[in-house]
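The values are calculated or read from the model by the stated rules, or taken from the named source; none is laboratory data. Treat the numbers as computed from the prediction; the structure is a model and nothing was measured. Here the Cβ positions follow ideal geometry from the backbone for every residue, glycine too, while neighbour counts run over all protein chains shown. For accessibility, only protein heavy atoms count, side chains too; no ligands or nucleic acids. Shrake-Rupley method; radii C 1.70, N 1.55, O 1.52, S 1.80 Å.
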Amino acid sequence: MGPEGNVIVRAENTDDAEERSSIHSIHEAAFGCQDEADLVDRLRTEGLVLVSLVAETQERIVGHILFSRMSIETTGGSVSAAALAPMAVLPEHQRRGIGGQLIRHALDLLRGRGERIVIVVGHPDYYPRFGFSSEKTRSLESPFPHEAFMAMELSPGALDGVRGKVSYPAAFGL
């Protein structure tokens, strides 16, 4: 499949129940279960959403990405970070660059808002193309496999000297 033409990436309209329902359905279709869709709902309820974007093509929402507040607990205190989770694109629209557009747009927004660190648990062959690296998490303790646990510095050097345990919101159930 080639690149998806005329994709619009925009902020989620949180007041639109139909849009929230579409987002829920996208996560169910992409992951084959309700876990990630329910995670989106819990993060909204807890008020921890930093960025929530949708991708539209032909006036239909086909993708969604969400970032929430998390932290790294160090001996010197808490270091703020953003968690990329979840991201989904409808299966029939995958492998066309829509996920990449969502990621790049969201990272630009986060950088513009002064966020310094983003953490993702994801496919080690996919996320590094956007600048994520498992090497950046070598000093961070997490319950995830090393190769899938990655970070990106939106501000160069943001993780220098940071050692500690990652702390996700309760919505993640960790």
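Structure notes:
- Using the Cβ-Cβ distance between Arg60 and Ala148 with R0 = 25 Å, the FRET efficiency computed as 1/(1 + (r/R0)^6) comes to roughly 0.25.
- Expressed as a whole percent, the accessible surface of segment 52-174 that belongs to carbon and sulfur atoms is 47, based on a 1.4 Å probe.
- Computed from backbone phi, the HN-Hα couplings of segment 149-160 come to 9, 10, 9, 9, 8, 7, 10, x, x, 4, 9, 4 Hz, rounded to whole numbers (Karplus: 6.51 cos²θ - 1.76 cosθ + 1.60, θ = phi - 60°; Gly and Pro given as x).
- The charge dipole of segment 1-143, taken about its Cα centre with unit charges on the Cβ of Lys, Arg, Asp and Glu (plus for the first two, minus for the last two), comes to roughly 640 debye.
- On the principal axes of its alpha-carbon atoms, the chain has extents of 49, 34, 30 Å, going from largest to smallest.
- Structural descriptor for segment 91-174: relative contact order 30 percent, calculated from alpha carbon pairs under 8 angstrom and at least 6 residues apart.
- Mean separation of Cα contacts under 8 Å (6+ apart) over length of the chain, as relative contact order %: 22
- Calculated translational diffusion coefficient of segment 73-174 (4 °C, 1.567 mPa s; Stokes-Einstein with Kirkwood radius over alpha-carbon pairs) equals 90 µm²/s.
- Spread over its residues, the convex hull of the C-alpha atoms of segment 26-105 is 109 Å³ per residue.
- Using the rule -39500 (n - 2.57) for each DSSP H run of four or more residues, divided by the residues of the chain, the 222 nm mean residue ellipticity is -7500 deg cm²/dmol.
- For segment 83-152, with +1 on Lys and Arg beta carbons and -1 on Asp and Glu, the positive-most of Leu109, Thr137, Ala151 along the dipole: Leu109
- Selected from Gly100, Pro86, Val49, residue furthest toward positive end of dipole (segment 39-142; charges at beta carbon): Gly100
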